[in-house]
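Remarks on the structure that follows.
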Amino acid sequence: MEKKIQKLDPTTKVKLKKLLKQLDSIRARHTELITVYIPAGYEITKKIQHLQDEQGTATNIKSSSTRKNVINAIEKMIQALKIVGRTPANGLAIFAGNISEKEGFEDYKVFSYEPTIPMNQNLYRCDKIFITDVLHDFIDDDELFGLVVLDRRDATIALLKGKSIQVLKKTHSDIPGKTKAGGQSAMRFQRLRVDATDQHYKKIAEYMKNEFLFKENLKGILVGGPGVTINDFLTKGFITGDVQKKIIGTADLSYTDEWGLKELLEKSQDILSNEIIIEEKKLVDEILTLLRDQFNKVAYGIDDVKKALEMGAVARLLILESIDENLSEELENICLNFKGEVKYITDDTEHGAQLKALGGVVAKLRYPIE
């Protein structure tokens, strides 16, 4: 039985997405950005002592500018932690560094995030980027993708949750090697290889069906491997139609193990981003269609949407991510109180601009209102 994952409420998720967008955009020239995760229940004084020890170690860094940036970033973080005083109930993520894009200039910033659900990660890292995988998992826990990497001998089936890859199955074929046993005819040997390959593909297809077909919140499946192998596997009827419909992309790969999964993920970033955009576009397109065909089933603009929300008439509320946080939280709370659904839409897309033109908040109504 799958463990139930605690999820963030929509408003908290949007706030975290904004922070992550900022953190992920920051790059340093050298390993001088500091990331610290303090798990729930961990004494903050121990983490401060650890950071002071790391400050001492940083004095050995050869580059004077890197040494200065690391020491100063750690000092800024220590000061921030002393102000916090004690570890928040669910832990703390904190980031510090010189974020100036101009070499030789200083702009030290500290960013922190208090999780609303328990965080168990304990980490100190000095790198060219901030390490944000743990926080990405908080917001992406309901966005799952299936991953399959295979060749004629091996296959690995996995699940992508946020940025974490969870291996589900590994399988190995019984395909005979190219050196045939004595006395076997070439045709019989080739037939054995073809039969073994087909059995290998059928086994992979069966694993995919078992793991992915009824997986809740699965957004799609990515398949990777040598080009010829992928073509044979996908076009020769091994995969059931319902599973085939869930395949959203393929990639030509060199590996079929955990390295292959990482390579598949790297080569599929555009596809993954596009899937989220496609889902948002469907929501906005539905509103535009209703406005054209059943305009009284839609409310838009803050005043009209709020009126509809207070009447309990809203089935789904779309909110632009850039809308004032206090306002979006107020509207969301009213919607959820009446068992409505809340979806946030990103700004920097065509459908985001369409939503902005409608006032940034739009409601699909349960029934027409005057």
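A few remarks follow.
- Remark: the residue 367-residue 285 segment gains 27.6 nm on full extension, using 0.36 nm per residue and subtracting the alpha carbon distance.
- The GNM of the chain, with springs linking C-alpha atoms under 10 angstrom apart, assigns the highest mean-square fluctuation among 288, 150, 320 to 288.
- What the Cα convex hull of the stretch 143-267 gives, in volume per residue, is 96 Å³.
- Loop-located chymotrypsin sites (Phe, Trp or Tyr not before Pro) across the stretch 85-176 with a Cβ neighbour count of 15 or fewer within 10 Å are 105, with loop assigned by DSSP.
- Couplings 3J(HN,Hα) of the stretch 360-368, computed from phi: x, 9, 9, 10, 8, 8, 6, 8, x Hz, in residue order, whole Hz [Karplus 6.51 cos²θ - 1.76 cosθ + 1.60, θ = phi - 60°; x for Gly and Pro].
- With each label modelled as a point 7 angstrom along the Cα→C-beta vector, the residue 213-residue 65 pair spans 5.9 nm.
- Within a Gaussian network of the chain (alpha carbon springs, distance under 10 Å), most fluctuating of 275, 106, 75: 106
- Extension gain (nm, one decimal) between residue 349 and residue 336, 0.36 nm per residue minus Cα-Cα: 2.1 nm
- Taking each of 245/364; 262/339; 169/281; 219/307 in turn, the alpha-carbon distance tops 30 angstrom for 262/339; 169/281; 219/307.
- Dimensions of the chain based on its C-alpha atoms, expressed as ranges along the principal axes with the largest first, amount to 80, 71, 41 Å.
- Rounded to 5, the percent of DSSP beta bridges in the stretch 141-300 classed as antiparallel: 60 percent
- Treating each Cα of the stretch 188-230 as an identical point scatterer and summing with the Debye formula, the log10 of I(q)/I(0) at q = 0.17, 0.24, 0.28 Å⁻¹ comes to -0.62, -0.92, -1.03.
- Size of the stretch 274-365 from its Cα atoms: along the principal axes, largest to smallest, the extents are 34, 31, 21 Å.
- The residues 351, 200, when put in order of fewest to most other Cβ atoms within 10 Å, stand as 351, 200.
- With the charge dipole of the chain set up from +1 on Lys and Arg Cβ and -1 on Asp and Glu Cβ about the Cα centre, the Cα lying farthest toward the positive end among the listed residues 72, 131, 265 is that of 265.
- Within the listed set 336, 265, 16, the Gaussian network model of the chain (springs between alpha-carbon atoms below 10 Å) gives the highest mean-square fluctuation for 336.
- Sorted fewest first by neighbouring Cβ atoms within 10 angstrom, 136, 172 come out as 172, 136.
- Estimated D of the stretch 10-138 in µm² per second, where Rh is the Kirkwood radius over Cα pairs and Stokes-Einstein applies at 37 °C, 0.692 mPa s: 220 µm²/s
- Cα pair distances exceeding 19 angstrom across the stretch 208-295, given as percent: 53 percent
- Rounded to the nearest 0.05, the FRET efficiency derived from the C-beta distance between residue 194 and residue 167 at R0 = 25 Å is 0.30.
- Subtracting the Cα-Cα distance of residue 18 and residue 203 from their residue separation scaled by 0.36 nm leaves 62.4 nm.
- Nearest-20 debye value, the chain charge dipole, Cβ charges on Lys, Arg, Asp, Glu: 1200 debye
- Within the chain, helix-based [θ] at 222 nm, where runs of 4 or more DSSP H residues each add -39,500 (n - 2.57), nearest 500: -14000 deg cm²/dmol
- Arranged from fewest to most other beta-carbon atoms within 10 Å of their beta carbon, 29, 153 become 29, 153.
Read-outs throughout are calculated quantities, based only on the coordinates presented, and are distinct from any laboratory measurement. Just so it is clear, the model here is predicted, and its values are computed rather than measured. Methodologically, a virtual Cβ is constructed for each residue, glycine included, from the backbone with ideal geometry; neighbour enumeration extends over all protein chains shown.
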